[in-house]
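Before any comments, here is the structure.
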Amino acid sequence: MDTGDRLLTPGEVAALFRVDPKTVTRWAAAGRIGSIRTPGGHRRFRESEVRALLEGEGELEELSDETPPPSNRPRNDGPTTQHPGAVRPSHHSSTNMR
């Protein structure tokens, strides 16, 4: 099944989509973009698939009906909520630290 398609690293894909390489890895882990693994376990992405997504010819998989279609690029929305156990530091100190 060798189509002669160039394989891109997560960093190369990230540069094209202007996101962090970890975001590309998360998309692949979620099945939103196809990837293959090298013998060493690293992810690689077919350039033709990446280009199709960039040009709007393909769609990211597993988008729900409520999710608006991507505007030719996947979105990296980042974290939307604070960890439930997180405590914000107080601006007032009850002790005098010296």
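The values are calculated or read from the model by the stated rules, or taken from the named source; none is laboratory data. From a predicted model like this one, the values you see are computed outputs, not experimental measurements. For neighbour counting, all protein chains shown are included, and Cβ atoms are generated from backbone atoms with ideal geometry for every residue, glycine included.
Details
For every residue, the table says whether it meets (1) exposed (fewer than 14 other Cβ atoms within 10 Å of the Cβ); (2) at pLDDT below 70.
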position	(1), (2)
PRO10	no, no
ALA14	no, no
VAL19	no, no
ALA29	yes, no
GLU49	no, no
SER71	yes, yes
ASN76	no, yes
ASN96	yes, yes
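- Counted residues, segment 31-40 - those being assigned to a loop (DSSP other than H, G, I, E, B) and surrounded by fewer than 14 Cβ atoms within 10 Å (Cβ to Cβ): 4
- Condition met for THR38 (farther than 20 Å from GLU55 by Cα, among the hydroxyl-bearing types (Ser, Thr, Tyr) and at pLDDT 95 or above): yes
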